[in-house]
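In what follows, a single structure is set out as structure tokens and then discussed.
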Amino acid sequence: MKMNVDPKIALNFIGCQVAWSACVLGGANDRALAGTLVAAAVIVLHLALVKRAAPEALLIVTASVIGLVWDSALIAMGLFTYPSGIIVPGLAPYWMVALWAVFATSLNLSMGFLKGRLWLAALVGGIGGPVSYLAGGRLGGLEMADPALALGVQALGWAVLLPLLSHLATQLDGTSPAPSPVTQEARSHV
């Protein structure tokens, strides 16, 4: 059985994994800037390869702001602490915000299968979000005072955040050709 994988999706998946590893390990080993630079390279490559960079860039910025607010709230609740990359006390470290930006690059590509499937996005978010933070903690990128509570809050949060981000990705899809003016006009009359 031969499986065809879109090279852009494969490249996006690999880039996201490399950036995640670089950021988490950089954050764990007082090399947050190095990890963030890897994330920036992945984002620049993504924007260079998509059909329309403007909507993708807006999606990246929006997801980064959402991530900054979410992770900062978790810090404020005392659920997470980070060993490095904190510029402003109480706010998420810059390398975590970079991870949210990289994650946004996946929403229309390697995570694009979630678009239009909000229930599946909630399930994937509710499981995948906490697993990612648990793995980050095991690598030393973060600490949890009460892991069960912290991961439970992550599960609930990501069960809401991933469907929201998937919906935003549908609206801000720069990986697909721009809709034709006729299609846009037809949508506005519906």
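Some points to look at:
- Unmet requirement for Leu68, which otherwise passes all of (1) surrounded by 15 or more Cβ atoms within 10 Å (Cβ to Cβ); (2) over 19 Å from Gly128 (Cα atoms); (3) without any contact (Cβ under 8 Å) to a residue 40 or more places away in the chain: (2)
- Pairing residues of the range 5-33 that are exposed (fewer than 14 other Cβ atoms within 10 Å of the Cβ) with residues that are outside any helix (DSSP H, G or I), at Cβ distances under 7 Å and at least 6 apart in sequence or on separate chains, gives Asp30/Ser84.
- Hey, Val38 touching a residue at least 60 places away in the same chain (Cβ under 8 Å), buried (at least 18 other Cβ atoms within 10 Å of the Cβ) and either touching a helix residue (DSSP H, G or I) at 6+ places or on another chain (Cβ under 9 Å) or among the aliphatic types (A, V, I, L, M) (or both) or not: no
- Applying the condition of being among the small types (Gly, Ala, Ser) and over 14 Å from Val42 (Cα atoms) to the range 83-106 and asking which residue is surrounded by the fewest Cβ atoms within 10 Å (Cβ to Cβ) yields Gly90.
- Some residue of the range 84-105 being touching a Gly at 6+ places or on another chain (Cβ under 9 Å) and over 22 Å from Leu25 (Cα atoms): no
- Criterion: under 28 Å from Leu37 (Cα atoms), in contact with an Asp or Glu (Cβ under 9 Å, 6 or more places away or on another chain) and not polar (S, T, N, Q) - qualifying residue of Gly174, Gly125, Gly157, Gly136: Gly174
- Residues of the range 107-158 classified as more than 20 Å from Trp20 (Cα to Cα), surrounded by fewer than 19 Cβ atoms within 10 Å (Cβ to Cβ) and among the small types (Gly, Ala, Ser), total: 4
Coordinate-derived values only; no laboratory data. Here the structure is a predicted model, which means the values were calculated and not measured. Don't worry about glycine lacking a Cβ; one is built from the backbone with ideal geometry, like all the others, and counts go over all protein chains shown.
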